[in-house]
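Everything on this sheet refers to the single structure shown next.
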Amino acid sequence: PKPCEVTPAIITKSYACQRRTPLKHHNSFLTEPLEILAENAEFSENEGRSIAFRRSASVLKALPRAVRAMDELKDLPCLGEHSLRVIKEILEDGTSSEVESTRQSEQFQAMKALTGVFGVGVRTADRWFREGLRSPLDLVHTGQKLSHTQQAGVQHYNDLNTPVTKKEAMVISDIVERAVKAVLPGAIIILTGGFRRGKEVGHDVDFLITHPEEGAEERLMPKIVNWLEDQGLLLYQKTTRNSYLESKDGPARPPSNMDRFERCFSIFRLEQTKVDCDEHVDASSYNSGRTDGTEERHSGSSWRAVRVDLVVSPYSQFAFATLGWTGSKLFERELRRWAGQEKGMSLSSHALYDSKQQRYLQANSEEELFAHLGLEYIPPSERNA
Ligand code: 8DG
Ligand code: MN
Ligand code: MN
């Protein structure tokens, strides 16, 4: 023990779910480059490497001040040799040559553009890249066979790559609330995902829906979707029904991070009020003149496409689902790793199973779940790992 030295408590906390990670922190100049390397590792399907970079970045996000010298890092967990080398270079030169060459590389840029199409994963993007395709426009021009999801993704590419603002999320919240209340009075709707963690912008808007009367939520999604479709609010939707009861995953083997709730991946058609548009551009010429074929144009009216995820959970699983859908993705992954490795438990968005006691643990709130897991409660705004 070093006397008189402020040792941040973080040194003993190697799981992100043990730490408080605020949205705004002091080390973006390091975490952003490390996350480029993480993303690049994902593009090469090197998951282990990607997680290692994400964990390093996450530790730095939890620090109370900006890192200025390498010796400030010596007691921190999760910082591997490669991450330390990158950090050192940035501290000394201002940038990392590896990160900058990655950023500039044709493969990274193409993979970023191609995986930026809704419905396109790393596998597909990589195949296209090896076939010489570089952008969504190349998909159109070479007449690639696309799924319905990918067609919607290409069509609305620009809108879906424009960050969703908090204000837009609130407008969508009102719409979803009206839809759900119309088809199932008494239902409860919460905003999950990044916006629940306090983010100012997001890539989509996530909602979790339940009803205090167990069973009342069954087959709810098609009704919500019909209501929205009748109002002309949906540009695309894909509904999957709940398959939890018929699943054979077993308590000790949760199906990775995919859950089995009734859900809907959708694209909303969001009307934009005149105030939101550039006031100097007349509505009829707003965004007109596009000939690139990636986006259907909003001639005449002004609207934009926004990705929305809807999930329905039974009331008895609501706490688990809330915790599972609030994120961040790394925080969720770390929670499951903590449960398995440190507690002999198995956590999913449906349940928590204690292998030692050989029983499921019930919970009515996120607070109870953290308590079952032997973790200090971390509020959503500090789950930005
Ligand atoms: P963003 O949209 O602002 O970019 O960030 P986000 O809200 O944190 O990311 P997200 O991709 O919308 O995911 C929100 C949370 O939902 C995240 O913690 C991961 C979780 N999630 C999925 N898919 C699934 C799934 O199939 N099952 C479960 N349990 N969670 C999922 O994205
Ligand atoms: Mn989200
Ligand atoms: Mn989402």
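Every number here is computed from the coordinates shown, using simple stated rules; none is lab data. Remember, it's a predicted structure, so these values are computed and weren't measured experimentally. Positions of Cβ are generated from backbone atoms using ideal geometry, with glycine treated the same way; all protein chains shown enter the neighbour counts.
Brief remarks on what is shown
- For the stretch 216-222, 3J(HN,Hα) per residue [Karplus equation, 6.51 cos²θ - 1.76 cosθ + 1.60, θ = phi - 60°, Hz, x = Gly/Pro]: 5, 7, 4, 6, 6, 4, x
- Unit charges at the beta carbon, dipole of the stretch 1-135: most positive-side option, Val59, Gly116, Ser96: Val59
- Straightening the chain between Asp75 and Thr165 buys 28.6 nm, computed as 0.36 nm per residue apart minus the Cα-Cα spacing.
- Helix-only [θ]222 nm of the chain, DSSP H runs n ≥ 4, -39500 (n - 2.57) each, per residue, nearest 500: -11500 deg cm²/dmol
- When only alpha carbons are used to place a centre, the stretch 178-195 and the stretch 79-122 end up 38 Å from one another.
- Cα gyration tensor, the chain - rounded (a/c under 1.5), prolate or oblate: oblate
- Most mobile of Gly116, Gly232, Gly193 in a GNM of the chain (Cα contacts under 10 Å): Gly232
- The stretch 76-177: C-alpha pair distances exceeding 21 Å, %: 55 percent
- Between Ser58, Ser313, Ser96, the residue with the greatest mean-square fluctuation in the GNM of the chain (Cα pairs under 10 Å linked by springs) is Ser96.
- Loop-located GluC sites (Glu not before Pro) in the stretch 141-202 whose Cβ has at most 14 other Cβ within 10 Å (DSSP): Glu200
- Sorted largest first, the principal axis extents computed over the alpha-carbon atoms of the stretch 320-382 equal 32, 23, 20 Å.
- In nm, spacing of pseudo-spin labels at Gln362 and Lys329 (7 Å Cα→C-beta vector): 3.5 nm
- Average Cα contact separation per residue, the stretch 3-102, under 8 Å, 6 or more apart, as relative contact order %: 34 percent
- About its Cα centre, the chain has a charge dipole of approximately 700 debye under the convention of +1 per Lys or Arg Cβ and -1 per Asp or Glu Cβ, with nothing else charged.
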